[in-house]
Structure formats: C-alpha cells, structure tokens
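Beneath this line is the structure, given in structure tokens, with notes to follow.
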Amino acid sequence: MTLQFKSKQRGISFIGLVFMGSLLAMTGVVVAQMFPTYLEYQSVLKAVNKAKEGQSVAEARMIFDKQASVDDIKTISGKDVDVTKEGDKVVVSFAYEREIHLAGPAYLTLKYAGRSK
C-alpha cells in the first residue's frame, strides 16, 4: 500500500501578487514625489555653503539669493536663512518644510534643516 501525498503548493497567489504590486506601485509614486525635494535640499545646502563666504548678513543673503536663482530654488530665499557669527566664521543655517499631497486629506510633510560647514 503506497500513499501518495499531495504536494503543497508554494508561492504567492494571484490576489497576493496584485496586492504586492499595488503596494510597490504606491511606494514608488511617493518616492518619485520625494526625490525632487531631496535634490532641492542638496541645492540649498550648496547655496548655504557658498553664502558663508559673505562677511555681513546682507552679503551672505545676497550670495544665497544669487545661488538660489542659478539652482532654481523656490522653497526658501535669502530672507529665510539665519546668518550668525561663531568666532570669526560666518554660519548660515536654514529650516523649512515641504508638503506632498498623497490622496484626499492625506499629506506627507518633510522637514529639512541644515547649516553651513
């Protein structure tokens, strides 16, 4: 008497595949919307590091605004950056938020902050 065992199926069902595909698609859409804000943050950091070359508050803000116009930074301007002196070095810092609309009343809020090196 030989017994035959049914082999257990392994893998993912069609419903599971559709669910995982839609989850990956939604994640991809959110990441695709976040990526430009990260690139803009990198541009702001570059502009802030350039602005620290100014010797006064007005000069540092002017340098930031010039660099912001070159890099097409629209989220933050020279009047939004904080310029201070620590010893003999000029330090430029910033903080701002970006909101990304997801669906209906849902938003993703990204908070960016940094300072010159």
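For the reader, a short list of remarks on this structure follows.
- All positions within the range 44-79 that are buried (at least 18 other Cβ atoms within 10 Å of the Cβ), outside any loop (DSSP other than H, G, I, E, B) and modelled with pLDDT of 90 or more: Val44, Ala47, Val48, Lys50, Ala51, Ala60, Arg61, Ile63, Phe64, Gln67, Ala68
- Considering the range 1-35, the residues that are modelled with pLDDT of 85 or more and of a type in the set (Phe, Trp, Tyr) include one that is surrounded by the most Cβ atoms within 10 Å (Cβ to Cβ), namely Phe19.
- The one condition in (1) in contact with a strand residue (DSSP E or B) (Cβ under 7 Å, 6 or more places away or on another chain); (2) in a loop (DSSP other than H, G, I, E, B); (3) among the hydroxyl-bearing types (Ser, Thr, Tyr) that Ser7 fails to fulfil: (1)
- The residues in the range 61-95 that are closer than 21 Å to Val31 by Cβ and either among the aliphatic types (A, V, I, L, M) or touching a residue at least 40 places away in the same chain (Cβ under 8 Å) (or both) can be counted, and the count is 0.
- Scanning the range 10-38 for residues that are part of a loop (DSSP other than H, G, I, E, B) and either under 30 Å from Asp72 (Cβ atoms) or not charged (D, E, K, R) (or both) yields Gly11, Ile12, Ser13.
- The range 34-60, residues that are within 19 Å of the chain's Cα centre (by Cα) and without any contact (Cβ under 8 Å) to a residue 24 or more places away in the chain: Phe35, Pro36, Tyr38, Leu39, Gln42
- Hits in the range 47-69 - residues which are charged (D, E, K, R) and in contact with a helix residue (DSSP H, G or I) (Cβ under 8 Å, 6 or more places away or on another chain): Lys50, Lys52, Glu53, Arg61, Asp65
The values are calculated or read from the model by the stated rules, or taken from the named source; none is laboratory data. Every value quoted in this text rests on a predicted model; they were computed, and no experiment measured them. All Cβ positions, glycine included, derive from the backbone under ideal geometry; neighbour counts span all protein chains shown.
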